[in-house]
1. Given the peptides 308-314, 231-237, arrange them by the average over their residues of other C-beta atoms within 10 Å, most packed first.
2. If you stretched the chain out fully between residue 272 and residue 457, how much longer would it get, using 0.36 nm times the residue separation minus the C-alpha to C-alpha distance?
3. Could you go through segment 25-30 in sequence order and give the Karplus-derived ³J(HN,Hα) for each residue, using 6.51 cos²θ - 1.76 cosθ + 1.60 with θ = phi - 60°, rounded to whole Hz, and x for Gly and Pro?
4. Could you run the Karplus curve 6.51 cos²θ - 1.76 cosθ + 1.60 with θ = phi - 60° over segment 427-438 and give me ³J(HN,Hα) per residue in whole Hz, x for Gly and Pro?
5. Name the long-range amide H neighbours of residue 454: under 5 Å, sequence gap of 5 or more, or other chain; modelled H, no Pro or chain starts.
6. Here are a few candidate values for Rg and Dmax of the Cα atoms in Å: (1) 54.9, 191; (2) 21.9, 64; (3) 33.4, 142. Which one was actually calculated from the structure I just gave you?
7. How much length, in nm to one decimal, is gained on full extension between residue 210 and residue 18, taken as 0.36 nm per residue of separation minus their Cα-Cα distance?
8. Using helices alone, I'd like the mean residue ellipticity at 222 nm for the chain: each DSSP H run of four-plus residues gives -39500 (n - 2.57), total over residue count, nearest 500.
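What follows is calculated from the coordinates using simple rules that are stated; it is not laboratory data. What you see is a predicted model, and the numbers here were worked out from it, not measured in a lab. Glycine also receives a Cβ, built like all others from the backbone with ideal geometry; neighbour counts cover every protein chain displayed.
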Amino acid sequence: MQVATNDQASRIVQRIEDKIGPRRFGVWFKDATRLDVTDHCVRIDVPNSFVGTWIENHFADHIVTAAREVLGNQVQIGFAVDPTLAGKIRQPQLNRQAESVRQATQQPTPASAVRLKTETQTRPLRGRLDDFVVGPNSQMAHQAALEIVERPAGAYNPLFVHGGCGLGKTHLLQGICNAFTQRRPEVRWLYVSGEEFTNDYIHAIRTAQLDRFRARYRNLDVLVIDDVHFLANKKATQEEFLHTFNAIDAGNKQIVLASDAHPRLIGQFSESLVSRFMAGMIVCIEPPGFATRCQILERRAVKLNRIIPQEVIEYIAQNVTSSVRELEGALLKLIAFNSVAQLPLTVATAQKALADYLSRTRPLVTISDLENAVATFFGMSPADLHSTRKTQHVALARNIAMYLARKHTTLSYPQIGRYMGNKNHATVILACRRIGRILAEDGVVRWPTPTCRKSMRLSEVLQQLEAQIRA
């Protein structure tokens, strides 16, 4: 991890490494991130949205604790994408990231073992429905969440929320759970990620605690699972989840799910699960519009105890359009620049502070969306696309991602290669030619799923992926 040239940042980084251990620090932080401290704000720059999401989901609590120990008070943390970091990560580290994701379903953590023994939800959740900024992009999803809190297992059961990274799916799901705690404490709810469900199931198998596992997950009023696409390519876990789903549904209880993609576009998912998802309410959270982006920035500025002029808010909202996470990252970047430069907060200052940031992140946001869509469709993680794995399955997905990046972005072949695991530009050229040749022949592509070997015309695959990207 790179640090800004101040003692506080260096001490925070050292404490993070002490807390998570040198191995995990070396995989996810070293060379892949940069940490900066401004007043009570900690900004972590990451090479792409996948790494940012993984770090946020797995290490946010450690980062907050480390920052509090050094700064001695409440802190705000935020993530920002800096694609120049991608060029600093060497291939062995990218391979270790992909292996770390795969091992997440093979080696349950001690924390998951502890959770299995606990029948009630004890982990605090950060998201609140009151804090969720509602716009045309998310109005239906928010309304469905409110309806579930008032009438669980009513019209919206199951509720399946999908959308790109950093658009508020996790916030919404956690808000539902917190609303139950505040308004209806008698409701038994459980919030886990797809990864945690998988780890708990594997642990239950290995320790002969399946009865306890099933009692924990099936004797609920509301089961909430985030990142359910993590179950892709895990046949046994999907079968267990199907039984869990059926048991909860038969008891007329509520199920809430979230994914990066529409159920039909999650690769290597059983048809039985997809059909059950499709039987419920499916809502998409889209990127926020201009007015909503302004509201998000205003709300974030209040939480940071900062007064940001309206014209500056509007400048950021006009230039950062992809996700909530990118909006917050740009705001933190501006605050850090202002703190160091001691300049008045004007549009001119914002232009100066964010010029380099905006020029670097605009193309990456698009390629991150492409990578996430392709990886989810084929039942893998973006880390697999970045690795050196050359199985037919991974190679096909990687070639398609490169082709779409070349088609839908202004990035050059070398830039695409750098963003996708520091691949040589010739690799990208060959990938695009290979996909183009199959398209010209109206060819069929094939890849394995947990139940069969799937085949589809490449043109149809691209059509579905492009529809997902535009959604």
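1. Final packing ranking: 231-237, 308-314.
2. 64.3 nm
3. So the J values, rounded to whole Hz, are 4, x, 6, 9, 10, 4.
4. Once θ is set to phi - 60°, the couplings for segment 427-438 become 4, 5, 4, 5, 4, 5, 5, 5, 5, x, 5, 5 Hz.
5. Under 5 Å from the amide H of residue 454: 447, 449.
6. Computed from these coordinates, Rg and Dmax of the Cα atoms in Å corresponds to label (2).
7. Fully extending the segment from residue 210 to residue 18 adds 65.7 nm.
8. Values: 20 runs with 268 residues, N = 471.
It comes out at -18000 deg cm²/dmol, rounded to the nearest 500.
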